[in-house]
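Notes for the one structure printed next.
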Ligand code: CDP
Ligand code: CDP
């Protein structure tokens with residue numbers, strides 16, 4: 001029986017967290033949880049209801065009346081909000097540009113973090129986000145802080161967007177990524193920082209397979 005550990009992967013946008021986390025989870029037979037999708041789901045619903053994204057109380061009220069279900073699927077994870085499949089909708093440019101504002105509200109984080117901890121409680125989990133190692137899963141057996149140069153991350157996002165049919169340019173993506181990284185790193189509530197006991201993994205020069213293998217090697221050491 002495989003030891004059911006928790007693996008936390010944090011880092012800035014486009015570092016490769018979700019792609020690599022999915023492969024690691026599949027390889028170990030673990031569940032993959034993309035916490036960014038939760039913040040995106042809240043942002044998407046709030047925008048569709050014209051809620052002021054700076055109004056933490058209104059957002060919290062909305063969230064109390066919202067069902068967010070993450071369902072593991074072949075391609076990673078499906079996201080349902082109030083029964084509607086929003087997996088693709090939450091990746092729009094509009095949601096991406098606004099999600100960091102919503103994610104900065106401490107009350108919203110508290111509700112979503114409780115849900116994430118509940119999902120991870122049984123172990124056998126690979127969870128990615130910004131505050132997983134520092135806050136959500138402080139006792140995770142393996143913590144990775146994944147990064148890559150802004151240039152490389154923007155290039156990756158550009159190719160991603162092309163595949164999804166989302167219009168973008170590398171220059172604009174560089175700006176959007178840098179701004180989001182700054183908002184995520186400088187906010188008061190659980191900012192994006194490397195946990196003291198996390199291992200730094202720079203994926204700029206690594207293929208997806210190489211990065212996944214690095215984490216699998218580290219995970220197997222924890223599982224022996
Ligand atoms: O995939 P990408 O790197 O673009 O972002 P994401 O993982 O989908 O996360 C979207 C946004 O949600 C981030 O830029 C953060 O503002 C927020 N987030 C967070 O604050 N804490 C997390 N654990 C996960 C995401
Ligand atoms: O989740 P995060 O925002 O950290 O990044 P991602 O969505 O997993 O990765 C962004 C894009 O970079 C995806 O299209 C990956 O296939 C690609 N990627 C890559 O080309 N090389 C890597 N070493 C990691 C990711």
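The values are calculated or read from the model by the stated rules, or taken from the named source; none is laboratory data. A quick note: this is a predicted structure, and the numbers were derived from the prediction, not measured. As a convention, Cβ positions derive from the backbone with ideal geometry for all residues, glycine included, and neighbour counts pool all protein chains shown.
Summary table
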item: Filter result for residue 148 (within 15 Å of ligand 1 (Cβ to nearest atom) and either at pLDDT below 95 or in contact with a strand residue (DSSP E or B) (Cβ under 9 Å, 6 or more places away or on another chain) (or both)); result: yes
item: Enumeration of residues in the range 75-87 that are over 22 Å from residue 113 (Cβ atoms) and not in a strand (DSSP E or B); result: 75, 83
item: Looking only at the range 93-114, and only at residues there that are more than 13 Å from residue 59 (Cα to Cα), away from ligand 2 (no atom under 15 Å from the Cβ) and crowded, with 17+ Cβ neighbours inside 10 Å, the one that is nearest to the chain's Cα centre (by Cα); result: 113
item: Residue 23 vs. criteria within 11 Å of ligand 2 (Cβ to nearest atom), closer than 18 Å to residue 70 by Cα and over 10 Å from the mean Cα position of the chain (by Cα); result: yes
item: Tally, over the range 1-20, of residues that are more than 14 Å from ligand 2 (Cβ to nearest atom), assigned to a loop (DSSP other than H, G, I, E, B) and under 17 Å from residue 146 (Cβ atoms); result: 0
item: Residue under evaluation residue 21, criteria (1) away from ligand 1 (no atom under 16 Å from the Cβ); (2) farther than 20 Å from residue 183 by Cβ, criterion not met; result: (1)
item: Residues of the range 135-149 classified as within 18 Å of residue 108 (Cβ to Cβ) and surrounded by 22 or more Cβ atoms within 10 Å (Cβ to Cβ), total; result: 1
item: Residues being in contact with a strand residue (DSSP E or B) (Cβ under 9 Å, 6 or more places away or on another chain) and surrounded by 15 or more Cβ atoms within 10 Å (Cβ to Cβ) - total across the range 181-205; result: 9
item: Every residue from the range 34-74 that is more than 15 Å from the chain's Cα centre (by Cα) and assigned to a loop (DSSP other than H, G, I, E, B); result: 49, 50, 51, 52, 53, 54, 55, 65, 66, 67, 74
item: Residue list for the range 114-150, filter: in contact with a helix residue (DSSP H, G or I) (Cβ under 7 Å, 6 or more places away or on another chain) and without any contact (Cβ under 8 Å) to a residue 24 or more places away in the chain; result: 117
item: Verdict on residue 126 being within 16 Å of the chain's Cα centre (by Cα) and either within 13 Å of ligand 1 (Cβ to nearest atom) or closer than 18 Å to residue 193 by Cα (or both); result: no
